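Below is one structure, written out as structure tokens, with a few remarks after it.
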Amino acid sequence: MDNKIIFALDVYDYDTAMTLARELGDKVFAIKVNWPLIMENGIKIIKDISKYSPVICDFKLADVENTVKLITEKAKEYGAYGIITHAFTGINSLKAVVNSAGNMKVFSVVSMSQESFVDEVTKQLIDISKEAGVYGLVAPGNRPLNLKNVRSLAGNLKIISPGVGAQGGNITEALLLGADYVIIGRAIYDSTNPTNVLEEFIQESSKN
Ligand code: C5P
């Protein structure tokens with residue numbers, strides 16, 4: 001799908017998740033799944049959702065090489081399109097994710113959508129992410145200065161940006177500041193009409 005929205009499907013319930021995936025999957029660039037959905041339903045749900053949209057696993061990996069490799073290989077086995085890892089665990093863990101990802105796209109977190117210690121080392125995190133060969137970076141769509149800074153250092157890497165909607169970020173601003181894709185969850189799935197709200201975000205995003 002040729003648009004700039006990644007839908008964060010942070011619900012527990014299988015039927016709710018599948019209904020949303022069926023209705024919205026072909027209208028978004030990808031669906032991002034996080035621990036709440038996987039904990040309740042197991043890793044197999046990646047395969048089910050993939051029928052409707054590419055799936056990005058937001059596992060925010062932060063562990064030793066062998067463990068991140070094992071988790072990355074599982075996500076790959078179940079057909080994920082992409083996986084998100086932390087970068088603060090260092091170059092060796094990052095390389096382990098990239099080397100075990102195969103065709104999966106690897107995105108590393110270099111700045112959070114809320115204040116964190118990660119902010120203090122964003123440049124170093126981008127440097128090692130490049131060295132490890134990630135496909136893209138995660139940087140906040142609700143913190144303009146951080147996003148601008150990441151864009152200026154990211155080179156050719158894609159940037160995916162959470163924080164739009166419920167966390168206060170604005171989609172137009174995030175895209176203007178350099179996000180390639182924006183990640184939106186609650187603003188869509190908590191609304192009374194997720195399809196309409198998504199359509200509004202799509203319209204706004206295509207103005208850029
Ligand atoms: O509901 P909301 O739009 O805030 O969802 C944002 C999604 O992006 C959540 O899945 C959250 O875990 C994720 N995320 C984030 N901030 C980061 C990295 C990921 O909000 N720095």
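The values are calculated or read from the model by the stated rules, or taken from the named source; none is laboratory data. Remember, it's a predicted structure, so these values are computed and weren't measured experimentally. Here Cβ is always computed from backbone atoms with ideal geometry, including for glycine, and neighbour counts include all displayed protein chains. Each accessible area value is taken on the protein alone, full model and side chains, heavy atoms only, with ligands, DNA and RNA left out. Shrake-Rupley method; radii C 1.70, N 1.55, O 1.52, S 1.80 Å.
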Which value, to two decimals, describes the C-alpha radius of gyration of the chain once divided by 2.2 N^0.38 Å? 0.95
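For the range 93-208, give the magnitude of the charge dipole about the Cα centre (Cβ charges: +1 Lys/Arg, -1 Asp/Glu; no others), in debye to the nearest 20. Write out the running numbers ahead of the final one.
Numbers: 10 positive and 11 negative charges, 69 e Å.
Value, rounded to 20: 340 debye.
Nearest 20 debye, what's the magnitude of the dipole of the chain about its Cα centre given +1 on Lys and Arg Cβ and -1 on Asp and Glu Cβ? Can you show the working numbers first?
Working: 21 positive and 24 negative charges, 109 e Å.
It comes to approximately 520 debye.
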Return the whole-Å distance between the Cα centroid of the range 8-72 and the Cα centroid of the range 95-155. 20 Å
Along the charge dipole of the chain, Cβ charges K/R +1 and D/E -1, which of G25, Q114, N146 sits furthest on the positive end? N146
Ignoring ligands, DNA and RNA, what percent of the accessible area of the chain is carbon or sulfur (1.4 Å)? 49 percent
What does the charge count near N142 come to, summing +1 for each Lys or Arg and -1 for each Asp or Glu among other residues with Cβ under 14 Å from its Cβ? 0
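Could you work out the relative contact order of the chain? I mean the mean sequence separation of Cα pairs under 8 Å and 6+ apart, divided by the number of residues, in percent.
Values: 429 pairs, mean separation 36.6, N = 208.
Computed value for the chain: 18 percent relative contact order.
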Specify the residue with the greatest mean-square fluctuation among L157, L176, L61, computed from a Gaussian network of the chain linking alpha-carbon atoms under 10 Å apart. L176
Using the Cα gyration tensor of the range 113-208, the equivalent ellipsoid's semi-axes, largest first and to the nearest Å, work out to 26, 14, 11
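Rolling a 1.4 Å sphere over the protein heavy atoms, what is the accessible area per residue of the range 72-208, to the nearest Å²? Walk me through the numbers on the way to the answer.
Working: 6210 Å² over 137 residues.
With the other protein chains kept in place, the range 72-208 gives 45 Å² per residue.
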For A8, what charge total do you get from the other residues with a beta carbon under 10 Å from its beta carbon, if Lys and Arg give +1 and Asp and Glu give -1? 0
Of D15, D58, D180, which is the most mobile in a GNM of the chain whose springs link Cα atoms less than 10 angstrom apart? D15
